[in-house]
Structures are given as structure tokens and as C-alpha cells.
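Quick notes on the structure that follows.
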Amino acid sequence: MEIVLALGIGIVFGAGIWLVLRPRTFQVLIGLMLMSYAVNLFIFAMGRLAVDRPPLTPAGTAADPTALADPVPQALVLTAIVIGFATTALYLVVMIGARGMAGTDHVDGEEPEE
Amino acid sequence: MTWTEHLVIVPVLLPLLCGAALAPLTQGWHRLKFAVAYASALGLLANAVALAWLADIGWPHGMGVYLAANWAAPFGIALVADRLAAGMLVLTALLALAALHYAQPRWGRIGVHFHPLFQFLLMGINGAFLTHDLFNLFVFFEVMLAASYGLLLHGYNVERLRASLHYIAVNLVASLFFLIGVALIYATTGTLNMADMAGRVGTLSGDDIALLKAGVAILSLAFLVKAAMWPLGFWLPTTYAAACPPVAAMLVLMTKVGAYAILRVWLLAFADGAGPLAHYGYDALLWGGMATIVFGAAGMLATDTAGRLAGYAAIVSSGTLLAVIGYGEPAVVAAGLYYFVASTVAIAAFMLLIELVDRIRTPGAAMLALTAEVYAVEDTPAEPKGRGVPAAMAILALAFAACALTIAGLPPLSGFVAKFGLFHALVNPGPHAAPIGPAGWTLIALVIVSGLAAIVSLMRFGVRTFWTAGIVAPPSLHGAEVLPVGALLLVSVLLTVGAQPVSDYLARASADIHRPGLYVDRVLRTPAVPNPAPAAEAP
């Protein structure tokens, strides 16, 4: 499972880097989103991978810390997702504004001279 | 927990509440907005001074710990106000007051959300100074950055949009690196609390060390992008030159937040007692910082616009600070902190001054730069009110000279004291420290050369502006715009006059942060407040 997840994160993050370095704002935005997905998965993986473990003690059972998944990465991922969405949305707004005012979707705000 | 420790949370809560209260107000409430924002900044200043006093004299071990939501340290979020953090809070509040005052006649009236965003920016900066938890640091960084994106776009024109496209993208990617670093640190040490982490770093072995090194290196990338270390600081001059003056003054402080985070994390986690990881990365900081000084100095020589000049000056100051941290001697760090304060105040004053100086060259150009109609502001801000002050030229030229002297580090202002103190500490690091080596001499040489570059470029700018500009009419200045520049320069003068007490305070702060054991003890041993005894129910 580890190797599959690691490869997946690597591919998504790599694709994100490639897109972020592209000259059009929309590609940059998609690249940022891919990178943040990869990072969220990465944070999950850092809490050790396990199958079928609850993050909290089910009601009515005795607490057994060894049977639980680590709840901290889940809390971190939740926060990171919220912040990532918000900032990406903000970038989208700036992008639209730039498209409207500069009349181009190039990341420099102007078309490169040929 | 005494009641005074509740003051530690005020620098986060007060701007949060003020910002939230201001957000729903629409256009036209400018006076009210300004009054609330200004009152909040005054409150922050009073609170920060109180915290500095408490940390210096009032609290045991020189720090107050606030356990958010009453969870004991490694599990909850600990806010720590020590001498250094309290000093930074004072600096933040001073700059905020100056920027707000400057924004009052014009910039605060354009657009709707200047004041709420400004409050959120303050909240993020203050929180980043106070927090003692890595993930919380991320959250406060994001609050600060999100507010700075909005403020950078304030008074929306094409130049600002172009700058923000780069600034936002660079900082979003840096935030992702921040998360990767935090995740790796959590995976290896099993904690996010910085004091707890400092205790555990020394006990790691094998693969964990390599992973932690990778994690911290990636984490530091995020800080270094903010602190503009070469080559990560390429975005800075364009961004700072594009921002409107009060925002640019606060951005100068944000560069220092990155350096502060580095200072905090490094001195806590990689001090002498950290086993195989002791002094990890110090060399990279030292040489990287020096490369940054070279980059900034070359940039200052190469540019001819004032905004970019100030941006490169900020890079030089940031690079000096990073190199000082990497040098790794408490006495040098103490001198570096004084330099940090002095240069931040001077560069912020310069940022505010630039717009006033630009009015000499092309009266009214500042107004053209605004596209107020984008926001369809009804009460279009008029030309700066008030007549052209006859002495306007003299005031501007004097203020410019004072800024230039401080930035270049010439006597008699605080820049000189700062550089002299730095050299003194480098040459005489104290009885137990290693004598100065080639790295120290290189640092001294670079600081001197960067000062020379600053003199050359600032003098060139001054001669072109004040001497040979062929001025038609004296620029019209508004009292509310001149006052904050003067106040910041007064702070600079006071720093010079009171160099002894200020540097003593900073030396104590530096001594504190070089004893990580103190933090670990104090933060981890602070007990949560016990539940109140089940008191007799009200009858």
C-alpha cells in the first residue's frame, strides 16, 4: 500500500509542479490544486497507514490506544484543506481580475514579445 | 495561571474581533472604521508594552505561557510571550499605528475592506510571533498571507495585479512546502509543539534523523521564501514596489516574520544539546544570508526607482539577519536583533516617504495610479487636502536623509549603532565563544560593502530628486501623512539615544532563546487550570 500511495502522491505532485511552471494562469491554478491534493495525501500518510482503524473510540467500548488511527493528521488535513481551498479560490479571483484588466491570461499580465 | 497571562492572547483576539466588526461596514463609514482600527492598534501597542514589561520583570523565567482552551502543553496549543516575542509585538504595533495614520487621509478611503484586512494582517503577524506550535504557526502564516494578498491588491491597478499574480502563486507553493515539512516533522518526532519537539530531536536515531533533516529543510524553504533569502526572494522588489505605501510598510515587517520563525525553530530545535542534529543547517543560513546581502546590494545599485530600492534594502536587512542567525553566537544574535529593529523601522519609514517624494516629480501622478472607479467609490478621495506646505521640500529632504543614513548605517542614527554593535559582537564574541574566523570577516566585509552600495544608490536617488529635479511647485503634503514618517524617524532617534537599554533588553531576549531547556521546562510543565470544584449549586 505504501508504494502505491507514494507513487500516486509523487505523480500528482510532479504533474502539479509542471503545470505551475506553465505560462497561462489557468494551468498554474490547476497545478496548485494538484499540488495541494498531493500534500494533503502526504500529511495523511505521515500518520502511518492502516486499514479499518477508527480515529476515535467507538461509543460503549473501552479505549484501546493501539487500535486507534492517529487523529492528529486528520485534523491537520482538515485545516489544510480549508485553508488551501480558500487561498486557491482567492487566486482564482485575482486571475479573473487580471484577465479582465490586463486582457490576457499570461502569468506576467502581458503577452511575451515574439 | 495569573490573570496577567491572559494578556498573551489579546494580540490575537483584539484585531480578530475588530476586523470582524469592521468587515460588514460598507463604504462611507470611513471615520468610524479608522477610529476602530486605530483604537485597536493603540490597544495592541499598550498591550505589547505591558507584555514586554511583564516578560522582562514581572513573570518568572521571563515568559508567559497561555494554554489555549486549557489543554496542557504537548496536546493543546501553547502561546508563549517571552522577551523577544513581546519586543516584536511592540515593533508590529508601532508600525501598524504609523501605517494606519498614513492611510487615514487617502488610502484607507479607497475600496471597502482596507481596515478589516489590515486588522487580520495584524492578527496573523502577532499570532506568528506568539505561537509555539508548528501547525498553528502555519495557520497564522496563512491568515497573514491571505490578508496581505488582499492588501497588496488594495487600490487595484494593472501593476498591482501583475505583482500579485506572482506573489500569490509563490506564497501558495511555499505554504505547500510548509505543510510537507510539518508533516515530516510530525512523522519523525510525533509532536507539533515546538518545546516538545526540541526535547525529542536529540533522541532520534537512524532513518528518522535523515527524514527530520529533510522535513526541516523543506519547512525552512517556506520561511526563507518569506524572509527573501537568495534565490528565493526574486519576487520581493516587484511586489513591494507595487503595493500602496502603508501596505508596503507592513510588508517590510512580514519579511522579518520569516526570519523570526527561522530564529525560533532553529535555536530551539538545533541548539548544542540536540545530539547528532546540533547546529544543523547553520552553515546554509550563514552563507545563504551572505549571498542574500550580495543580491540585495547589487539590486540596490542596479535599480533607479525608489520602491524597488526600498525592496532591495529590505532584502539586505533580511540577509544580514539570516547570516547572523547562522553565525550561531548569542552575543552576535543580540546585536543582530538590534539591527533587525533599527532597519525595519527605517525601511518602513522610507516606504511611507516614497510616495510623498514622488509627488515632487510629477504632481498628481499618485492620483492617476489609482483606479478608484473600479470600486465605484462614491466619495472619490480628493487631492490631498491642505495647502502646499512651504517647508515641504525641507521636511521631505530631511526625512529622506534620515532614512538614508539609517539604512546605509552611517552615524549618527540607529543604523550606525546597529552595525557597530554587530561588528563588535563579531570581533569579541565573548569569553567562551570561538574567535572570529573567515566567515565572520566575510560577513563584516559584506555588511560594509552593502552599506556602501546603499549610500551610492540612495545618494544618487536623493540628488536626482531633490537637487536636480527642476521642481515646479512644492508638493502638497497632508499633515497626517508627514506625521507617521516623522514618528518612525523619531523612533529611530530614540533607538539611538536609548541604545543601551534597548540592546540590554535584546541581549536578555537573545540569552533566553539560546537556552531551549528553559522553554521546554516552562511550556511543558505549565499545568492546565483545574476544573473548578463542584461548587454548591445556586439554590
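Details
- Range in chain B, longest, excluding exposed GluC sites (Glu not before Pro) [loop by DSSP; at most 11 other beta-carbon atoms within 10 Å]: B:1-377
- Per residue accessible area of chain B, 1.4 Å probe, in Å²: 36
- Scoring A:47-55, B:395-403, B:209-217, B:84-92 by mean Cβ neighbours within 10 Å over their residues and listing the highest first yields B:84-92, B:395-403, B:209-217, A:47-55.
- Anisotropy class assigned to region B:276-332 is prolate, per the alpha carbon gyration tensor with a/c at or over the 1.5 cut-off and a/b larger than b/c.
- Between amide H atoms placed 1.01 Å from N, distances below 5 Å from B:ASN157 occur with no residue 5 or more places distant or on a separate chain.
- Solvent-accessible area of the protein assembly as shown (1.4 angstrom probe, protein heavy atoms only): carbon and sulfur portion equals 70 percent.
- Mean separation of Cα contacts under 8 Å, 6 or more apart, over the residue count of chain A: relative contact order %: 24
- Rounded tilt (10° steps) of B:245-269 against the dominant C-alpha axis of chain B: 20
- Between region B:50-70 and region A:8-45, the alpha-carbon center distance in angstrom: 42
- Whole-Hz couplings from phi, Karplus 6.51/-1.76/1.60, listed for region B:119-125; x for Gly and Pro: 5, 5, 4, 4, 4, x, 5
- Gyration tensor verdict on chain B (Cα atoms; rounded if a/c is under 1.5, prolate if a/b is larger than b/c, oblate otherwise): oblate
- Counting Cβ atoms of other protein chains within 10 Å of each residue's Cβ and taking the mean over peptide B:145-153 gives 2.
- Value at 222 nm in deg cm²/dmol, rounded to 500, when DSSP H runs of n ≥ 4 in chain B each add -39,500 (n - 2.57): -23000 deg cm²/dmol
- Gyration tensor (alpha-carbon) shape descriptor, region B:114-204, a/c threshold 1.5: oblate
- Hz values of 3J(HN,Hα) by residue in region B:327-338 - Karplus curve (6.51, -1.76, 1.60), Gly and Pro given as x: 5, x, 10, x, 5, 5, 5, 4, 5, x, 5, 5
- Peptide-level mean, for B:161-174, of C-beta atoms on other protein chains within 10 Å: 6
- Using alpha-carbon coordinates, inclination of helix B:83-103 to the longest axis of chain B, degrees: 20
- Look at the stretch B:332-342: the mean tally of other chain Cβ atoms within 10 Å of its residues' Cβ atoms is 0.
- Rounded to the nearest 10 square angstrom, A:ARG99 shows an accessible area of 130 square angstrom against a 1.4 Å probe.
- Put simply, when B:97-103, B:151-157 are sorted by average Cβ atoms within 10 angstrom per residue, most first, you get B:97-103, B:151-157.
- C-alpha long axis of helix B:479-497 to longest principal axis of chain B, angle in °: 50
- MRE, 222 nm, helices only [DSSP H, n ≥ 4, -39500 (n - 2.57), over chain A, to nearest 500]: -22500 deg cm²/dmol
- Interface burial for B against A (accessible surface, 1.4 Å probe, total of both chains, Å², rounded to 100): 2700
- In percent, rounded to a whole number, the relative contact order of chain B is 18, using alpha-carbon pairs under 8 Å and six or more apart.
The values are calculated or read from the model by the stated rules, or taken from the named source; none is laboratory data. Since the model is a prediction, treat every value here as computed from it, not as a measurement. When we count neighbours, we look across all protein chains shown, and the Cβ atoms used for this are built from the backbone with ideal geometry, even at glycine. Keep in mind that these areas ignore ligands, DNA and RNA; they rest on the heavy atoms of the full protein, side chains included. Shrake-Rupley method; radii C 1.70, N 1.55, O 1.52, S 1.80 Å.
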